[in-house]
Ligand SMILES: Nc1ncnc2c1ncn2[C@@H]1O[C@H](COP(=O)(O)OP(=O)(O)O)[C@@H](O)[C@H]1O
Ligand SMILES: [Mg+2]
């Protein structure tokens, strides 16, 4: 077992569907440490880029290479989708589900579920059906369920896009905590404030092409391209 | 109208007397249909899940065939089973013709397409909901199927109940393969057909009311069982 499946190396990778290039060609190396945000207008290809990195979007060309054997790398990544997918089970069973897929003993899985429920303030809801939770609770549950297998890297696709300020803050704290524990995070967002608060580096994507990939401070202080400047100043980019 | 009333009276009398013949054929009806239901569900529910999850070459064709088979005339199924199990047929040596086993086989063939079709429809929706998550978690085909069957169990129960409803009321196929033999293969539906033929309308109606009551009772029992589960767990 390798220590971490990072760095991630993407080389000349594209996703085309029905003759249209959605993303690419992309060349990118994600280092072992960091909190990356992917920003760009709607339809720019943020979701597709994340899915492509995670390996759930078929590549039309190029390669996405993790550091480790193929059989191992998928189990050490986790993905939180834009609208959280709640299994029709209790909160507890949602949390234990990824663990029960592996060889974790049942009592151990339940213990971890309770620990996580405590951390996301859902301890009293453990027996409640996950599908009746509020939007913020669902997203916290989805993140906890993603973190419970202790991934090396966590992908999040606009995790706070439907949430109010309080829920957003809770989720940001959760993510910061995970980052401090050494989990590599890559998150798309169109909330610039959130990107500034969390990111150590920024990927700026427009029409499927990566226009900038730079440290967060540099990106927000002195964006290198006109498109990024326009986007940061609030102009509408087609 | 008087016949309906006579029928109700006959049903009532049969019930209060706990008529031995009535008890026997009612139990046989239940035994045959519940056996067929268990076997058919064991085949059809996983089949529905596989059709929802896997992309194989003849998937669409399989679904089309399954939907077509739902409309299969039971009496033709009975005839085919008869030919297969008659003395000169390929399974003749088993000596199953005119036994409850043959009736169970015919009913299984009749309700598998129905249960599988309904199961497939609801599991397909559930799969659309779960797809990204289960792919992301790198689940095996087996884990995906098990997850759908478990999380979709309420809808699957409805599918099975539809199968039960069809099987308990079925008469054509089991008449052909069972032969309606007294104390051997007579069930409620074949007894009703027999009594009607003999002109015993009151008795036939009485048996009919008992059949309806049975079907409703089983439905209620199963719904009640799942309701308690819902309240207990959530
Ligand atoms: N499966 C698909 N087939 C065709 N077009 C798609 C598909 N998925 C996404 N797209 C298109 O690709 C573009 C990028 O989408 P997406 O990655 O979702 O952007 P973002 O997440 O930045 O809003 C959009 O124009 C979208 O309509
Ligand atoms: Mg998106």
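What follows draws every value from the coordinates through simple rules; no lab data is involved. Being a predicted model, the structure only gives us computed values, none of them experimental. We place every Cβ from the backbone using ideal geometry, glycine too, and count neighbours over all the protein chains shown.
Using Cα atoms only, what is the angle between the long axis of helix B:201-233 and the major principal axis of chain B, expressed in degrees (0 to 90) to the nearest 10?
30 degrees
One quarter of the convex hull surface, Cα atoms only: what value does that give for region A:87-132 in nm²?
Numbers: hull surface 11.8 nm².
That works out to 2.9 nm².
Ratio to report: Rg/Rh of region A:121-205, with Cα atoms as the point set and Rh obtained by the Kirkwood method; give two decimals.
Values: Rg = 13.1 Å, Rh = 13.6 Å.
With Rh from the inverse mean 1/r over Cα pairs, Rg/Rh is 0.96.
GNM, chain A, Cα, under 10 Å: largest mean-square fluctuation among A:26, A:132, A:80?
Top of the fluctuation ranking is A:132.
Can you pull the Kirkwood radius for region A:146-193, inverse mean 1/r over Cα pairs, to one decimal in Å? Please report the intermediate quantities before stating the final value.
Details: mean 1/r = 0.0885 Å⁻¹.
Value: 11.3 Å, from the Cα pair sum.
Please determine, in degrees from 0 to 90 and to the nearest 10, the orientation of helix A:135-147 with respect to the longest principal axis defined by the Cα atoms of chain A, where the helix direction is its Cα long axis.
90 degrees
Once the convex hull of the alpha carbons of the protein assembly as shown is built, what does its volume come to per residue, in cubic angstrom? Numbers along the way, then the final one.
Numbers: hull volume 100.5 nm³, N = 472.
With only Cα atoms used, the protein assembly as shown gives 213 Å³ per residue.
Can you bin region B:60-162 into rounded, prolate or oblate? Criterion: square roots of the alpha carbon gyration tensor eigenvalues sorted a ≥ b ≥ c, rounded for a/c under 1.5, prolate for a/b above b/c, oblate for the rest. Don't skip to the end; give the middle numbers.
Working: a/c = 2.84, a/b = 2.52, b/c = 1.13.
Prolate shape, in that a/c is at least 1.5 and a/b is the bigger ratio.
Please give the average number of partner chain Cβ atoms lying within 10 Å of the Cβ of each residue in B:133-142, rounded to a whole number.
Working: counts 13, 4, 6, 14, 12, 10, 3, 1, 0, 0.
Per residue, the number of nearby Cβ atoms from other chains is 6 on average.
Using only the alpha carbons of region A:157-238, determine the length spanned along each of the three principal axes and report them from longest to shortest in whole angstroms.
Cα spread of region A:157-238 along its principal axes, largest to smallest: 34, 27, 23 Å.
Under 1.5 on a/c is rounded, so check that first for region A:97-238, then, if it is not, pick prolate when a/b is larger than b/c and oblate when it is not; a ≥ b ≥ c are the square roots of the alpha carbon gyration tensor eigenvalues.
On the way: a/c = 2.71, a/b = 2.08, b/c = 1.31.
Prolate shape, in that a/c is at least 1.5 and a/b is the bigger ratio.
Report, to two decimal places, the Cα Rg of region B:2-233 normalised by 2.2 N^0.38 Å (N = number of residues).
Compared with the compact-globule rule of thumb, region B:2-233 sits at 1.17.
Could you tell me the convex hull volume per residue, in Å³, taken over the Cα atoms of region A:10-145? Write out the running numbers ahead of the final one.
Numbers: hull volume 20.3 nm³, N = 136.
For region A:10-145, the hull spanned by Cα atoms encloses 149 Å³ per residue.
Would you give the gap between the C-alpha center of region A:171-205 and the C-alpha center of region B:50-93, rounded to a whole Å?
56 Å
Taking the Cα centroid of region B:101-119 and of region B:159-222, what is the distance between the two, rounded to the nearest whole Å?
Cα centroid of region B:101-119 versus Cα centroid of region B:159-222: 16 Å apart.
When you look at the Cβ of every residue in A:81-88, what mean number of other chain Cβ atoms sits within 10 Å?
Numbers: counts 3, 0, 0, 1, 7, 3, 8, 8.
Averaged over the peptide's residues, the number is 4.
Could you quote the convex hull projected area for chain A, Cα atoms only and averaged over all directions, in nm²? Write out the running numbers ahead of the final one.
Numbers: hull surface 53.2 nm².
Projected area, direction-averaged: 13.3 nm².
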